[in-house]
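Since every read-out is calculated from the coordinates, none of them should be taken as a lab result. Fair warning: this is a prediction, and the values are worked out from it, not measured in the lab. Note that each Cβ is placed from the backbone with ideal geometry, even for glycine, and that neighbours are counted across all protein chains shown.
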């Protein structure tokens, strides 16, 4: 069918998308557009150059895009550097980039629908095949368009079988499974490790040691896998003081205070720092991200995964993230846990996030945490795949309090006077929750270890 109408398009929206990405190159990571979604060829060439820069891990701006197109001999074809300046100047703000992109996507789908309609019309006029064949071809054309247009994808039984074949073949080839080991044998046995796509919440009262436990798990996984550690509570220097102290077997305060003698300084340079350098742990720079949000975390995690590969994101801790959402803290916490779950699923990696508990346990006889102790819980229980509680008896009871709690005596305290912590498994979506496991605080090594034998504990006293 011949028509004098131009295909649907909107030059202003196309230019606004390109201009917005030139202003803020990180925006391209959230866009699903393809170069052929742009009606004007020069805009498609600009966008293709931007995608190439993203894949190369390079920044996207006027200079890099112009240089990329110039090397390809396409800059003048696209209007030259002057057109790039025009694209930036005509965009009042890059904040509406997603809105512009939606317009471009919708009109691109309309143009493709016209092409599909013409193909179906030709089949109708041709009459070369039987009706069933033509209908099948027409149906496939529409299904293919629906997929590229971002509509809902239906996984057929055949698709599912192929996916599961790949999944179970991959699991079969991994001797230890796909769950990341936490480095704590009993905990791995209880929860199976940290699985891709899962959001794991670690709840604890302040000062119990949850940050140190996160570092312990990160340091173990970081020996052979890439980890992104996002701390909204401590900068990388303060976190590293603990790692250095543990590696050297000296008090953390000694490392933090300074004034080292030659022996300590030599050990830092030749023992601690080479070990830290060997760990594949990336930190979100709090000097750059003055306010850490789930958006910052996603962008950094996406960049690391694209450039180097990524196996785990650690967040310390939920309540200190600076996302603004809703009318109260419950709404905000729920919004952030939903985003963290989407990061886990979207990047196919586990996200381990600490969360602070409220004071309710302080007023109970049994002070072991329960789900009701989650502060401003929002949708934490709904979004999390696992909820672990970190508990230390000596956080509440010192030696002088022990006789009052156990007037008839208690061998537990005599055997383990300090340093025993419990990781309680409150929620385990993919299996039956267990009561938890006990781990040993190694003060000299500034880490948590398996509590395999009583004798091992006494070696550290």
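Tell me, what are the semi-axes, in whole angstrom and largest first, of the equivalent ellipsoid of the stretch 196-249 as set by the roots of 5 times the Cα gyration tensor eigenvalues? Before the final figure, lay out the partial values.
Values: eigenvalues 69, 53, 24 Å².
Gyration-tensor ellipsoid for the stretch 196-249: 19, 16, 11 Å.
Starting from the 7 Å offset along Cα-to-Cβ, what nm value, one decimal, do you get for the label separation of residue 322 and residue 438?
Output for this residue pair reads 4.3 nm.
Determine the gain in length on full extension of the stretch residue 118-residue 238; use 0.36 nm per residue of separation and subtract their C-alpha separation, reporting nm with one decimal.
Here the segment from residue 118 to residue 238 would lengthen by 36.7 nm.
Please arrange 307, 111 by how many other C-beta atoms lie within 10 Å of their C-beta, fewest to most.
Working: 307 12, 111 16.
Ranking 307, 111 by Cβ neighbours within 10 Å, fewest first, gives 307, 111.
Given the Cα-Cα distance of residue 70 and residue 450 and 0.36 nm per residue of separation, how much length would full extension add, in nm? Spell out each step's value before the answer.
On the way: separation 380, 0.36 × 380 = 136.80 nm, distance 5.88 nm.
Taking 0.36 nm per residue and subtracting the Cα distance, the gain is 130.9 nm.
In Å and from the alpha-carbon atoms only, list the Rg and Dmax of the stretch 67-126.
That works out to 18.1, 51 Å for Rg and Dmax.
Give, in nm to one decimal, the length gained when the segment between residue 5 and residue 32 is fully stretched (0.36 nm per residue of separation minus the Cα-Cα distance). Let's see the in-between values first.
On the way: separation 27, 0.36 × 27 = 9.72 nm, distance 2.76 nm.
Extra length available between residue 5 and residue 32 comes to 7.0 nm.
Rank these for me by crowding, 48, 355, going from fewest to most other beta carbons within 10 Å.
Details: 48 18, 355 25.
Neighbour counts put them in this order, fewest first: 48, 355.
Would you mind getting me the FRET efficiency between residue 381 and residue 348? Use the beta-carbon distance for r and R0 = 22 Å, nearest 0.05. Before the final figure, lay out each step's value.
Values: r = 23 Å, r/R0 = 1.04.
Taking R0 as 22 Å, the efficiency between residue 381 and residue 348 is 0.45.
Calculate the spin-label point distance for residue 331 paired with residue 12, positioning each point 7 Å from the Cα along the beta-carbon direction, and give it in nanometres.
3.2
When all alpha-carbon pairs of the stretch 11-148 are counted, what percent fall beyond 25 Å? Intermediate results must be reported in sequence, preceding the final value.
Working: 3517 of 9453 pairs.
For the stretch 11-148, the share of Cα pairs beyond 25 Å comes to 37 percent.
Using a 7 Å offset from the Cα along the Cα-to-Cβ direction at both residue 93 and residue 158, what is the distance between the two label points in nm, to one decimal?
Using points 7 Å along Cα→Cβ, the separation is 4.9 nm.
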